[in-house]
Structure formats: structure tokens, C-alpha cells
């Protein structure tokens with residue numbers, strides 16, 4: 001071992017018995033006794049260092065997270081989904097000890113970003129903000145995807161939903177939902193409703209109402225909820241399914257009247273407004289957001305993510321902020337989320353087929 005330090009080679013096969021003999025051999029080779037003791041000290045230090053390394057615990061190769069996390073939001077920056085993801089990302093990063101970075105990948109009805117997530121490494125460092133257009137109703141309407149919505153993801157947490165409201169102008173002859181349905185039944189094809197476009201939550205809820213309540217209304221699609229709301233206020237359309245959070249200022253000011261909301265339960269602020277399902281059983285249709293990761297992500301990582309998101313969604317500060325943004329917190333884990341998605345497919349598939357809805 002000493003030769004490793006000083007390059008010494010014995011000239012004859014040595015027969016060493018004691019340390020002094022070793023020192024003598026080193027001295028005869030011209031290295032001196034001082035060199036011998038330096039080598040001895042270095043050798044001992046190396047041996048002690050190796051022993052200490054062997055005794056110390058090795059770092060866990062499965063430590064999670066080991067680097068920054070990318071959360072793909074399949075929408076443009078500034079929308080409701082982006083706002084909610086950024087609110088949660090900062091706090092999830094604090095809980096996990098690594099930054100959670102938002103990556104906006106809007107396009108193709110939120111399918112583009114979802115496809116990127118489906119192809120990512122299944123190690124928990126890529127998330128996607130899942131939603132109905134990419135996972136349930138979009139594919140049911142023929143939206144082309146390179147992934148299987150239920151098989152190619154682990155759906156970790158159903159974060160919450162956005163309630164829509166059926167609104168009419170203040171001067172509309174129907175003062176409540178029953179009168180609205182009676183008018184629609186008595187004058188088929190006369191009354192119209194606007195939405196943010198074919199495939200939007202408002203459009204699908206309108207089609208669901210038409211089928212379940214057996215009414216005939218004309219759908220007027222717009223490129224976004226803003227233009228649709230403007231035409232409702234201007235008298236070009238008769239009704240609209242619009243996000244309650246966006247409709248709330250107009251309801252409070254008296255410019256529009258809310259006849260019903262699409263949630264399963266009445267809203268905490270607008271308690272006088274009934275749910276659609278109170279008059280039409282089964283008519284529940286909200287937009288929703290969830291946290292999903294690529295399939296084959298380790299179960300321990302999935303569990304960790306759900307536990308941290310569960311704690312976060314129960315925080316009073318976060319719940320209050322989400323309520324301000326119009327979200328109803330659902331906080332369902334992987335089993336509940338999967339059951340929810342299956343129920344969504346079962347609910348929307350016959351409605352979409354019967355209405356012959358197809359995304360071109």
C-alpha cells in the first residue's frame with residue numbers, strides 16, 4: 001500500500017517482521033525514515049476515512065422530490081385555472097421543499113399541455129392541471145388525443161369545481177326556473193341561450209337541460225364567455241349558462257337574474273337561488289380542476305402528493321381564497337377522483353350522443 005504513495009519497489013523479496021525493518025528498507029531506498037512515517041500516517045488516514053464512509057448512511061436514491069417540479073397548466077396565463085395553480089404551487093413547493101414551477105401550455109382545448117404531461121417521466125416531477133375538456137367531455141366529443149385519459153395518468157386529487165349559473169336579463173318574463181321551463185316548453189325553438197362555445201361547460205349544461213327537462217332552446221355559440229354575456233345584456237340572446245363568479249356582480253347589481261345554479265348544493269351567498277337539479281333531477285354540471293401525474297408514478301409519491309394537497313386545501317386561508325375565486329373545494333383523493341371521472345363519463349356520454357355533438 002505504501003508504494004501507492006511513493007512509488008517504492010523492493011529490489012529483493014523482502015522479509016519484513018517489524019516496523020523498524022520497514023523503516024530501514026525505506027531508508028536504504030533513499031526515502032528516509034521521515035518518508036516512511038508520512039506514508040504510515042497517510043495510510044492510516046485513508047483507512048479511517050474509508051471506514052467512516054462505510055459506516056455512514058447512504059443517501060436514499062428514492063428521495064422525493066429531488067429537484068424542482070414542473071406543473072403544466074394547459075391554458076394561457078391569467079385564466080382561472082392558471083390563477084388557482086399558481087396559488088397552490090407556491091404553497092405546495094414550501095411543503096415539499098422544492099420549487100413548483102408553472103408551465104403554461106395552452107392549445108387544442110387543453111389537450112396540448114395534457115399530452116406533454118402524459119409523455120413525461122413518471123417520477124413525480126411533472127404534474128398537469130387536469131380538467132373535463134382534456135379528460136372527460138372533450139374525448140367524448142371526439143377530441144383527438146394521443147393519450148388514454150383514465151389509463152395514462154394517475155389522478156391524484158380532485159381539487160374543486162366551478163359552478164355555472166343559468167342567468168337571464170332582469171326584464172325577462174320568467175321570474176324563476178319553473179316559469180322559464182314552462183315558457184320554453186310552450187314555445188319550442190323561440191328561446192335562445194348563449195355559451196362560451198361548443199364543448200364549453202355552459203354549452204354542455206344547456207344541452208343536458210334540454211334533454212332532461214324536454215325543452216327546445218336554440219344554442220348560440222360565442223368565442224368566449226365575455227361576448228356571450230355582452231349579447232345577453234344587450235338583448236340578443238335570452239339566457240346563458242355562465243360561471244357564477246363572473247355573473248355575481250351582475251346579479252348583485254340587478255342587471256341579470258339567476259334562475260338556478262348547476263352545483264349539487266345551493267351557493268353560500270346566493271342561498272335564494274335553487275339548484276338546477278331541484279327542478280330537473282340529475283341536472284348537475286360544473287367545470288372542475290384536478291392534479292394528475294403520468295401513469296406508473298410510484299405509489300409513495302402519489303400518496304405524498306395527495307397528503308400535501310389535502311392539508312393545503314383544508315387550510316382556512318387557501319379555502320377562503322379559492323372561494324373568492326369561485327371554486328367549490330372538493331378535495332377527493334385518487335380513489336374518489338377516479339370514481340368521479342367514471343361518473344362524469346357515464347353522465348355526459350349519452351347526452352353528447354343524443355345531441356350529436358362532435359368536435360371537428
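The values are calculated or read from the model by the stated rules, or taken from the named source; none is laboratory data. No experiment lies behind these values; they were computed from the predicted model shown. Cβ placement follows ideal geometry from the backbone for every residue including glycine, while neighbour counts extend to all protein chains displayed.
If only residues of region 323-342 that are in a helix (DSSP H, G or I) and in contact with a strand residue (DSSP E or B) (Cβ under 9 Å, 6 or more places away or on another chain) are counted, the one that is surrounded by the most Cβ atoms within 10 Å (Cβ to Cβ) is 337. Kindly indicate whether residue 295 is outside the structural domain of residue 231 (by TED's automatic domain parsing), more than 26 Å from residue 82 (Cβ to Cβ), surrounded by fewer than 20 Cβ atoms within 10 Å (Cβ to Cβ) and at pLDDT 95 or above. No. Here region 308-322 is the region considered, the condition is being in contact with a strand residue (DSSP E or B) (Cβ under 8 Å, 6 or more places away or on another chain) and in contact (Cβ under 8 Å) with a residue 40 or more places away in the chain, and the residue that is farthest from residue 97 (Cα to Cα) is 322.
Rundown of residues vs (1) within 19 Å of residue 101 (Cα to Cα); (2) out of contact with any strand residue (DSSP E or B) (no Cβ under 8 Å at 6 or more places or on another chain), yes/no style:
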residue: 129; (1), (2): yes, no
residue: 138; (1), (2): no, yes
residue: 147; (1), (2): no, no
residue: 152; (1), (2): no, no
residue: 167; (1), (2): no, no
residue: 173; (1), (2): no, yes
residue: 179; (1), (2): no, yes
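Taking the conditions (1) surrounded by 12 or more Cβ atoms within 10 Å (Cβ to Cβ); (2) modelled with pLDDT of 95 or more; (3) over 25 Å from residue 214 (Cα atoms) in turn, residue 345 satisfies each one other than (3).
Listed by position, the strands (runs of 3 or more DSSP E) contained in region 200-315 that have at least 1 residues being within 27 Å of the chain's Cα centre (by Cα) and within 28 Å of residue 118 (Cβ to Cβ) are 239-243, 287-294.
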